[in-house]
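No value in this document is a laboratory result; all are computed from the given coordinates. Just so we're clear, the structure is a prediction, and the values are computed from it rather than from any experiment. Quick reminder, even Gly has a Cβ in these numbers, built from the backbone with ideal geometry, and neighbours come from all protein chains shown.
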Amino acid sequence: MLIERRQRPKKAMQLTALIDVLFQLLIFFMLSTSFVRQESIELALPSRNKPKPTQATPAPITWRVEVAAGGQLKLNGASANSSIVSKQLQQQFGSQPDTGVLIISARGVNLQELVAVMDMIYLAGGKNVAVSNDKTRPVPMGSSTQGGSVVARVPMDVGGRN
Amino acid sequence: MDFGRQKPPPKEMNLLPVINLIFLLLIFFMVAGTIEKIDIIPLDLPIADSGKVLDEGQIVIVLGLHDEVLLNDDYVSYEQLPRVLSEALQPNPEKVVSIKGDAMLPADKIITVMDVVRAAGGRNLSLVIQSLPGA
């Protein structure tokens, strides 16, 4: 027996809801994603409870890099441009990898310039970096206990001992 | 005069290309971007090559261009920072302190804050930078 069914009219799928959801997701991801890759420069601070390491261990060789406003550099007191500084640092780190580098930032230096110098030293192979912001206020330097870098203000006499 | 033209049946808009496009965009943003916490204040991080991808520290200090200091999203002042920071570091001084500073900020301020972190007993510090894509 053939019962003829009435064919229902073909209904188009309701896509509006789907598009709504997709747009929502799209907008969410567009607003919340960032394409800037955030990274970090790791620094290890000396513990303040430790005795001054400079008394226990012989003072390491410390090079001094001075940064002036505008990014001008001085390596151990002599003006030099960044490629020269980086080359000399590489040579020094090649022969004595644990050479410390003290960065002295003058007034008017911005963070980008300071980070650029730190970057250069790290890329040259430096491991023991100290940062100082003032020539008059000395604070004892710590030792790099974990092989990381050290940030502290360093007395100028340590920095000057080459 | 009526020519009695046959009206074309109302055609439904074809939405499939739109959906395809939206899906493509969606997948692009999902795959290519990373979802990051947006800082309350606008920051232009310094650019460097030697950074490593690290987890953000448990304590985040944000230093804005206009003397704003945020410690874990709470506004503090430079004067309050030592006290608040040593309280935050009290349970565990090994906590990583991340410093996020604007690239145009005087380096002096960053170094001062580093010193404050050290004085508060912090041992692990990281300076947040951005790396240029393709670098």
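So the values come out like this:
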{"read-out": "Cα-Cα over 28 Å, subset of A:K87/B:K100; A:K127/B:K37; A:K10/B:K7; A:K87/B:K95; A:K74/B:K37", "value": "A:K87/B:K100; A:K127/B:K37; A:K87/B:K95; A:K74/B:K37"}
{"read-out": "Estimated translational D of the stretch B:59-135 in µm²/s (Stokes, Kirkwood radius over Cα pairs; 4 °C; 1.567 mPa s)", "value": "102 µm²/s"}
{"read-out": "Radius, Kirkwood style, for the stretch B:1-54 when every pair of distinct Cα atoms is counted (Å)", "value": "17.4 Å"}
{"read-out": "Pairwise Cα inverse-distance average, inverted: Kirkwood Rh of chain B (Å)", "value": "18.5 Å"}
{"read-out": "Rough spin-label spacing in nm, given labels placed 7 Å along Cα→Cβ, for B:L15 and A:K10", "value": "1.8 nm"}
{"read-out": "Which of A:S105, A:S79 has the fewest Cβ neighbours within 10 Å, and the rest in rising order", "value": "A:S79, A:S105"}
